[in-house]
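The values are calculated or read from the model by the stated rules, or taken from the named source; none is laboratory data. Keep in mind that this is a model prediction, so the values were computed, not measured. As a convention, Cβ positions derive from the backbone with ideal geometry for all residues, glycine included, and neighbour counts pool all protein chains shown. The protein model used for the area step is the full one, side chains on, heavy atoms only, and it has no ligands, DNA or RNA in it. Shrake-Rupley method; radii C 1.70, N 1.55, O 1.52, S 1.80 Å.
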Amino acid sequence: MIDLTKIKYRTTVVTESGKQYNIKDYIENLGWEENENELAVRISFTARNDKTSKGYLSSIIKPGCLVGIFASDGGRLNQEVARGYVNTWNTVLKNSDTVLKCTGYDELYNLQKSQDNIFIPSGTGTKSAITGVLDAHGVPPGEYNGPDVSHGQLMYNNKDLSYIILDLLDDAKKKSSGKYIIRGTKGKVDIVPRGGNKTIYVFQVNNTVSVSESMSIADLVTRVKVLGQANDEGNSSVDAVLNGLTQYGVRQRIYTRGADEDLESAKTAAQEILNESGNIVKEISVQGPDVPVIRKGDLIYLIAGTSRDYFYVKGVRHDADSCSMTMDLEEAKQETVSENKTEEAKGHNVGDVVNFHGGTHYVSSYPGSAGYGAGAGKAKITIKDGSGGAHPWHLVHEDSASNVYGWVDDGTFD
């Protein structure tokens with residue numbers, strides 16, 4: 001377990017010649033963030049422009065230099081938590097002192113700033129399409145733990161590379177593959193499932209500074225109309241209409257069937273739009289002690305105010321000076337159980353109170369995760385993992401008879 005009271009940060013710069021310098025004693029206002037509508041990690045800091053044995057800091061740190069941020073607690077934690085290439089460089093003279101202000105972004109920034117024309121033939125898998133885009137532009141792929149469904153013919157003209165990759169992931173999601181995110185890790189680009197972190201951190205009132213909650217229907221979609229391909233006169237047939245929360249008014253989205261897409265596949269994609277955008281959005285902002293390893297897309301558990309549930313991290317801002325962070329959270333919606341679940345599990349859903357037989361509860365649904373003994377008793381299902389996890393059900397005890405509070409196997413409750 002990370003000791004949050006002992007977190008220390010250091011910052012290293014790699015110069016044009018490849019030499020590395022530890023500049024932690026010169027900088028302040030150090031922070032990094034992953035925002036909801038941006039792919040790249042953004043780092044920022046202010047440094048005293050002191051003269052060193054290698055010259056003034058402003059002559060060492062230049063646009064294009066790589067800056068790495070590392071965190072350590074003196075024990076289990078000792079790793080890189082963010083990096084960025086200096087994009088903006090600014091010296092400021094004030095009261096005879098000079099400071100250097102820098103901001104930078106990781107490898108994904110190039111994807112946000114580059115465009116291309118890309119044709120993807122019908123039948124191409126998601127993995128092949130995405131890695132093809134990365135390879136063509138010299139962006140090193142890292143872990144690919146994403147979807148690999150077959151896509152229809154796609155043509156992107158003058159589109160940002162980031163848009164192309166996100167559109168492919170969105171198309172895969174509409175085909176019921178689940179939601180995945182793209183993010184940079186140690187110089188490479190990973191495609192990972194949202195909420196796929198093996199360690200889930202719990203935030204409670206006693207380790208949280210402030211919690212702000214809101215609900216919104218501002219971006220609510222209440223109807224999806226499925227259109228066929230346009231005929232020679234430019235007219236499209238209405239093949240299906242799917243309704244959601246129309247009591248809030250009709251807020252319609254159009255889904256156009258691909259040339260080689262059958263109606264059932266199109267209706268599934270339209271339903272995915274309702275699943276994603278057809279619910280009242282519950283958002284929470286949490287400020288608390290910094291957990292440097294938490295990233296956008298991670299799953300956390302919150303027990304604070306009126307909230308006691310799982311949430312996805314939509315955005316996170318880390319402040320090294322105050323050892324604090326702010327997370328923007330989105331309520332984790334119920335997942336769909338995959339078809340290969342056992343008969344014992346098929347009759348249960350999130351919210352059911354069940355009889356836990358006792359045994360082992362695990363810290364995550366992943367194979368090989370740590371497990372601990374838990375006693376039998378009443379428990380509520382709070383989440384179910386539809387991705388085929390080894391321990392697919394998360395239970396929370398209902399009374400003191402049981403201490404179960406974690407992931408359990410199929411068949412351990414009824």
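Condition first: part of a helix (DSSP H, G or I) and surrounded by fewer than 20 Cβ atoms within 10 Å (Cβ to Cβ). Now tell me which residues in the stretch 67-125 satisfy that. Lay out the reasoning, then the answer.
Residues of the stretch 67-125 that are part of a helix (DSSP H, G or I), as a first pass: 108-113.
Answer for the stretch 67-125, where residues must be part of a helix (DSSP H, G or I) and surrounded by fewer than 20 Cβ atoms within 10 Å (Cβ to Cβ): Asn110, Gln112, Lys113.
Go through the stretch 249-308 and give me each residue that's basic (Lys, Arg), closer than 30 Å to Pro121 by Cβ and buried (at least 20 other Cβ atoms within 10 Å of the Cβ).
Our first condition is that a residue be basic (Lys, Arg); within the stretch 249-308, this holds for 251, 253, 257, 267, 282, 295-296, 308.
Those still in the list that are closer than 30 Å to Pro121 by Cβ too: 253, 257, 267.
Of everything in the stretch 249-308, just one residue is basic (Lys, Arg), closer than 30 Å to Pro121 by Cβ and buried (at least 20 other Cβ atoms within 10 Å of the Cβ), namely Arg257.
The residues of the stretch 36-59 that are over 22 Å from Asp190 (Cβ atoms) and open to solvent by 50 Å² or more (accessible area, probe 1.4 Å), listed by number, are Arg48, Asp50, Lys51, Ser53, Lys54, Tyr56, Ser59.
The residues of the stretch 1-17 that are of a type outside the set (Lys, Arg) and either more than 20 Å from Leu100 (Cα to Cα) or assigned to a strand (DSSP E or B) (or both), listed by number, are Met1, Ile2, Asp3, Leu4, Thr5, Ile7, Tyr9, Thr11, Thr12, Val13, Val14, Ser17. The requirement of being under 30 Å from Ile2 (Cβ atoms), modelled with pLDDT under 95 and over 18 Å from the mean Cα position of the chain (by Cα) is fulfilled nowhere in the stretch 144-167; no residue meets it.
Restrict the check to the stretch 17-38 and report whether at least one residue is of a type in the set (A, V, I, L, M), farther than 19 Å from Cys323 by Cα and modelled with pLDDT of 95 or more. I'd like the intermediate steps shown before the answer.
Quick first cut of the stretch 17-38, residues of a type in the set (A, V, I, L, M) only: 23, 27, 30.
Keeping just the survivors that are farther than 19 Å from Cys323 by Cα gives none.
No: zero hits.
Residue check: is Val316 open to solvent by less than 30 Å² (accessible area, probe 1.4 Å), closer than 21 Å to Arg42 by Cβ and modelled with pLDDT of 85 or more? Reasoning before the result, please.
Working: open to solvent by less than 30 Å² (accessible area, probe 1.4 Å): yes; closer than 21 Å to Arg42 by Cβ: yes; modelled with pLDDT of 85 or more: yes.
Yes; evaluated as a whole, the condition is true for this residue.
Filtered by the rule that a residue be among the charged types (D, E, K, R) and crowded, with 16+ Cβ neighbours inside 10 Å, the stretch 126-135 gives a lone residue, Lys127.
For the stretch 212-226, which positions are open to solvent by 30 Å² or more (accessible area, probe 1.4 Å) and either among the polar types (S, T, N, Q) or at pLDDT 85 or above (or both)? Reasoning before the result, please.
Restricting attention to the stretch 212-226, the residues satisfying the condition of being open to solvent by 30 Å² or more (accessible area, probe 1.4 Å) are 212-219, 223, 225.
Once the filter is applied, which keeps residues that are open to solvent by 30 Å² or more (accessible area, probe 1.4 Å) and either among the polar types (S, T, N, Q) or at pLDDT 85 or above (or both), the stretch 212-226 yields Ser212, Ser214, Met215, Ser216, Ile217, Ala218, Asp219, Arg223, Lys225.
Taking the condition β-branched (Val, Ile, Thr) and outside any helix (DSSP H, G or I), does Ile165 pass? The answer is no for Ile165. Going through (1) of a type in the set (Asp, Glu); (2) at pLDDT 85 or above; (3) in a loop (DSSP other than H, G, I, E, B); (4) within 25 Å of Val281 (Cα to Cα) one by one, Glu330 falls short only on (3).
Residue count for the stretch 257-291 satisfying the condition of being in contact (Cβ under 8 Å) with a residue 24 or more places away in the chain and closer than 20 Å to Asp171 by Cβ: 20. The set of residues in the stretch 36-54 that are part of a strand (DSSP E or B) and under 23 Å from Thr98 (Cβ atoms) comprises Ile43, Ser44, Phe45, Thr46, Ala47, Arg48, Lys51, Thr52.
Among residues of the stretch 231-256 that are part of a strand (DSSP E or B), those with a Cβ under 6 angstrom from a residue that is surrounded by fewer than 16 Cβ atoms within 10 Å (Cβ to Cβ), sequence gap 6+ or separate chain, pair up as Asp239/Leu263. The condition of being without any contact (Cβ under 8 Å) to a residue 12 or more places away in the chain and either open to solvent by 30 Å² or more (accessible area, probe 1.4 Å) or assigned to a loop (DSSP other than H, G, I, E, B) (or both) holds for only one of Gly152, Gly138, Gly142, that being Gly138. Against the condition on the phi < 0 side of the Ramachandran plot, open to solvent by 70 Å² or more (accessible area, probe 1.4 Å) and without any contact (Cβ under 8 Å) to a residue 12 or more places away in the chain, how does Lys62 come out, does it pass? No: the conditions fail for Lys62.
So which of Pro63, Pro121, Pro140 ends up being at pLDDT 90 or above and in contact with a Ser or Thr (Cβ under 9 Å, 6 or more places away or on another chain)? Talk me through it step by step, then tell me what you get.
Working: Pro121 fails: in contact with a Ser or Thr (Cβ under 9 Å, 6 or more places away or on another chain); Pro140 fails: in contact with a Ser or Thr (Cβ under 9 Å, 6 or more places away or on another chain).
Result of the check over Pro63, Pro121, Pro140: Pro63.
Among the residues of the stretch 186-211, the ones that are exposed (fewer than 13 other Cβ atoms within 10 Å of the Cβ), part of a strand (DSSP E or B) and of a type outside the set (A, V, I, L, M) come to 2 in all. Would you point out the residue of the stretch 18-35, among those that are open to solvent by less than 90 Å² (accessible area, probe 1.4 Å) and either assigned to a loop (DSSP other than H, G, I, E, B) or of a type in the set (A, V, I, L, M) (or both), that is nearest to Lys54 (Cα to Cα)? Only one residue tops the list, namely Ile23.
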